[in-house]
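The values are calculated or read from the model by the stated rules, or taken from the named source; none is laboratory data. Values in this document were obtained by computation on a predicted structure and should not be read as measured data. Backbone-built Cβ (ideal geometry, glycine too); neighbour counts: all protein chains shown. Just the protein is used for accessible areas: all its heavy atoms, side chains included, with ligands, DNA and RNA removed. Shrake-Rupley method; radii C 1.70, N 1.55, O 1.52, S 1.80 Å.
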Amino acid sequence: MGAGADTAATPRAVREQRAAAPGGAPAPRPPAPQDGSPTPALVLHAAQALYPTADPAQTPAGLGAGWLVVAESLSPTEPLAGDAGRLLDNMLRAMQLHRHPRVFLAALERPQAGNATNALEIAPALNEMVATLRPAMVLVLGHVAARAALGRTEPLGRLRAELHQLAGCPAIVTYDPAFLLRSQGNKGAAWADLCRALALVHASAVHP
C-alpha cells in the first residue's frame with residue numbers, strides 16, 4: 001500500500017491530532033458509557049493493509065471489495081505478532097482473507113499513562129475511515145472496540161447478535177483474539193460470527 005493510500009485512509013481527526021502543536025488543547029476524551037464504567041482513552045491508528053502482497057487475481061470470489069478489522073492492539077505497528085496477533089492471522093486465514101489485498105486493520109491503542117494527547121473520540125474518525133475505504137464488511141473485535149466504534153455499552157453477547165452499520169457499511173461484532181486466548185471455549189462462537197460475516201458479504205456479492 002503506497003504512502004498516498006495510507007494518507008487517504010487516515011481519518012482527518014487523526015491527521016489533525018498528529019499536526020497539533022505540543023502545547024495545544026488536549027483532545028476530547030470518549031464519553032463515559034451509560035453503565036457508569038470508564039471508557040479508556042484510545043488512539044486510532046491509520047488503517048494498514050494486513051496482506052498487501054496478496055494477488056487480487058487470486059482472491060476468491062465472494063469476498064467483496066475489502067474488509068476492515070477494528071480491534072484493540074498491544075502492538076499496532078506489528079498487529080500479527082505475538083500470541084493474539086497470530087490468532088488473529090489464523091482467524092483471517094481460515095476465512096481466506098489472507099488472499100485479499102484489501103484487508104485492513106484499524107488498531108486501537110491505549111496511550112501510555114500521562115500521555116493521552118493523541119486520544120480522541122473514535123467513532124467520528126472511524127466513520128471517516130470506513131467512508132474512505134468502503135469495505136464490504138467491518139469486523140469489530142472485542143468490547144473495547146465495540147464501545148469505541150459503535151458507542152454501545154451493552155454486553156458483547158447482545159452486540160454480537162445484531163448487524164450494525166458504520167458509515168453505511170455492515171459491521172459484525174465478535175470476540176477479540178486476546179480474550180479468546182483466555183477463554184478457549186468461546187472460539188466456536190467467534191467462528192460462527194465470522195462465518196456469518198462471510199455469508200453476508202457473499203450474499204451481497206452474488207445479489208448486489
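For segment 26-64: of the residues being loosely packed, with under 12 Cβ neighbours inside 10 Å, within 17 Å of Arg147 (Cβ to Cβ) and among the small types (Gly, Ala, Ser), which is modelled with the lowest pLDDT?
My answer is Ala32.
May I ask you to list the residues in segment 153-168 that are closer than 18 Å to Ala106 by Cα and either open to solvent by 60 Å² or more (accessible area, probe 1.4 Å) or touching a residue at least 60 places away in the same chain (Cβ under 8 Å) (or both)? Spell out the reasoning first.
Going residue by residue through segment 153-168, those that are closer than 18 Å to Ala106 by Cα are 164-168.
The one that is closer than 18 Å to Ala106 by Cα and either open to solvent by 60 Å² or more (accessible area, probe 1.4 Å) or touching a residue at least 60 places away in the same chain (Cβ under 8 Å) (or both): Gln165.
State whether the residues of segment 112-131 include one that is within 20 Å of Thr77 (Cβ to Cβ), open to solvent by 60 Å² or more (accessible area, probe 1.4 Å) and in contact with a Lys or Arg (Cβ under 9 Å, 6 or more places away or on another chain). Break it down stepwise before answering.
From segment 112-131, those within 20 Å of Thr77 (Cβ to Cβ) are 112-113, 115-120, 122, 125-126, 129; that's our starting set.
In the following step, the residues that additionally are open to solvent by 60 Å² or more (accessible area, probe 1.4 Å) were identified as 112-113, 115, 117-118.
Restricting the remaining residues to those that are in contact with a Lys or Arg (Cβ under 9 Å, 6 or more places away or on another chain) gives 118.
Within segment 112-131 (the criterion being within 20 Å of Thr77 (Cβ to Cβ), open to solvent by 60 Å² or more (accessible area, probe 1.4 Å) and in contact with a Lys or Arg (Cβ under 9 Å, 6 or more places away or on another chain)), the answer is yes, since at least one residue qualifies.
Just name the residue that is most open to solvent (accessible area, probe 1.4 Å) out of those in segment 178-199 that are of a type outside the set (D, E, K, R) and closer than 21 Å to Gly66 by Cα. Steps first, answer last, please.
The initial filter retains those residues of segment 178-199 that are of a type outside the set (D, E, K, R), namely 178-181, 183-186, 188-192, 194-195, 197-199.
Next, from what is left, pick out any that are closer than 21 Å to Gly66 by Cα: 190-192, 194-195, 197-199.
Working: Ala190: 2, Trp191: 106, Ala192: 57, Leu194: 5, Cys195: 50, Ala197: 0, Leu198: 38, Ala199: 60 Å².
Here the residue is Trp191.
Restricting to segment 158-190, what's the tally of residues that are under 18 Å from the mean Cα position of the chain (by Cα) and of a type outside the set (A, V, I, L, M)?
Of the residues in that region, 12 qualify.
Can you find even one residue in segment 86-98 that is in contact with a strand residue (DSSP E or B) (Cβ under 9 Å, 6 or more places away or on another chain), modelled with pLDDT of 95 or more, open to solvent by less than 60 Å² (accessible area, probe 1.4 Å) and part of a strand (DSSP E or B)?
Scanning segment 86-98, I find no residue that is in contact with a strand residue (DSSP E or B) (Cβ under 9 Å, 6 or more places away or on another chain), modelled with pLDDT of 95 or more, open to solvent by less than 60 Å² (accessible area, probe 1.4 Å) and part of a strand (DSSP E or B), so the answer is no.
Could you pull out the residue among Pro79, Pro101 that is in a loop (DSSP other than H, G, I, E, B), open to solvent by less than 30 Å² (accessible area, probe 1.4 Å) and at pLDDT 95 or above? Walk me through how you get there before you give the answer.
Numbers: Pro79 fails: at pLDDT 95 or above.
Matching residue, one of Pro79, Pro101: Pro101.
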